[in-house]
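A short worksheet on the structure shown next.
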Amino acid sequence: SSAGGTVFPLILGSLIEGGNWRLGMQVMSIMTIFFALIPMLLLVKDRPSKPSFTPKDSDAGESKSVGPSVAQALRETRFYLIAIATGSVWFALIGMQQHQSIYLAKDIGISFDRLPEVFSSFFACAIIGKLLFGWLSDHFDQIKMMVLSIFTLALAMVVLRNVAIAGDITLFGYAIFGGIGFGGAFTMIQLMFANFYSGPSFGKILAILMLVDTLSGAIGIRALAILRESTGSYLLGIDIIIALLVFASCCILIAGHKTKTAL
């Protein structure tokens, strides 16, 4: 997903900048068909009559991990701390992603032809963030790595807020910190969900948490739009995002403490 975000803005940016967005949409449609259907038809095989893996008795016993039920999860304070934290992160991520081009082009005055480079750099750094935090999570405390990824995002928002003051060079500072923080937070959220709730009810618990995150992202898009319309600026919205990310970090730390206390 991040590789697509790295490549497509560069391919389509010149077409959209030239006003030929219809051609850009057609190119995108063709590429989507190619990358979605062709590999599926040529590479994906499904032969259930010949399973590639038959679990041994010992493996089957080990795979039956015991995790909390949905009812048990909903009675835990930790569940709500995680829901609030990840919801806050998605409020920030989705909200700012949908509004960053308007903020940079119309509020700051960045040329439209520079935006594809910034967005492509953002997602290229997101690849680095996913790999980096995946590696860090194998070697260091995962709660601390989750907090580190959120603070990296908050730092990116601080840089973005001061683009008008510090100059265009900070655009790529935002892309670097924002991309790494985005990729890291995306990776660590999935890992945290699995570590806390893996078991027979994991799918149901994950669905509830993803519902909260999706709704939070939708609210973030609308909230930033309302703030921009009412104040004439995105600065208040960015300040709220920074505060939410700091608050999310506190929730994650408390949730991790409760887990260690329970153990």
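The figures follow:
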| quantity | calculated |
| --- | --- |
| Descending principal axes extents, the stretch 170-225, alpha-carbon based, whole Å | 46, 25, 10 |
| Helix-only mean residue ellipticity at 222 nm for the chain, each DSSP H run of n ≥ 4 adding -39500 (n - 2.57), per residue, nearest 500 | -27500 deg cm²/dmol |
| Kirkwood-based shape ratio for the stretch 129-263, expressed as Rg/Rh from alpha carbons | 1.01 |
| Percent carbon-and-sulfur accessible area, the chain, ignoring ligands, DNA and RNA, probe 1.4 Å | 68 |
| Solvent-accessible area per residue, Å², over the chain with all protein chains present [probe radius 1.4 Å] | 55 |
| Label of the coordinate-derived value, mean projected area of the Cα convex hull in nm², listed as (i) 14.2; (ii) 17.4; (iii) 16.4 | (ii) |
| Probe 1.4 Å, all protein chains present, accessible-area order of Asp213, Asp239, largest first | Asp239, Asp213 |
| Segments 67-78, 214-225 sorted - mean Cβ within 10 Å per residue, highest first | 214-225, 67-78 |
| Highest-fluctuation residue, Leu15, Leu191, Leu244 considered, GNM on the chain with Cα pairs under 10 Å | Leu15 |
| Rel. contact order, % - alpha carbon contacts under 8 angstrom, at least six apart, the chain | 32 |
| Net charge contributed by nearby residues that have their C-beta within less than 12 Å of Ala154 (K/R +1, D/E -1) | 0 |
| Selected from Gln142, Gln97, Gln26 as most flexible by GNM, with the chain as the system and alpha-carbon contacts under 10 Å | Gln26 |
| Between the stretch 117-164 and the stretch 199-263, the Cα center-to-center distance that results, in Å | 16 |
| Distance in nm between pseudo-label sites at Cys250 and Arg222 (7 Å out along the Cβ direction from Cα) | 2.6 |
| Whole-Hz ³J(HN,Hα) from phi, Karplus 6.51 cos²θ - 1.76 cosθ + 1.60, for the stretch 66-72, glycine and proline x | 9, x, x, 6, 4, 4, 5 |
| Test item: Cα-centred dipole of the chain, Lys/Arg +1 and Asp/Glu -1 on Cβ, debye | 540 |
| Sequence of Ile180, Ile238, Ile165 when ordered by accessible area, the most exposed leading, probe 1.4 angstrom | Ile165, Ile180, Ile238 |
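The values are calculated or read from the model by the stated rules, or taken from the named source; none is laboratory data. In this text, all values refer to a predicted model and were calculated from it rather than measured experimentally. Please note: Cβ atoms are built from the backbone with ideal geometry, for glycine as well, and neighbour counts cover all protein chains shown. Ligands, DNA and RNA are excluded from the accessible area calculation, which covers all protein heavy atoms including side chains. Shrake-Rupley method; radii C 1.70, N 1.55, O 1.52, S 1.80 Å.
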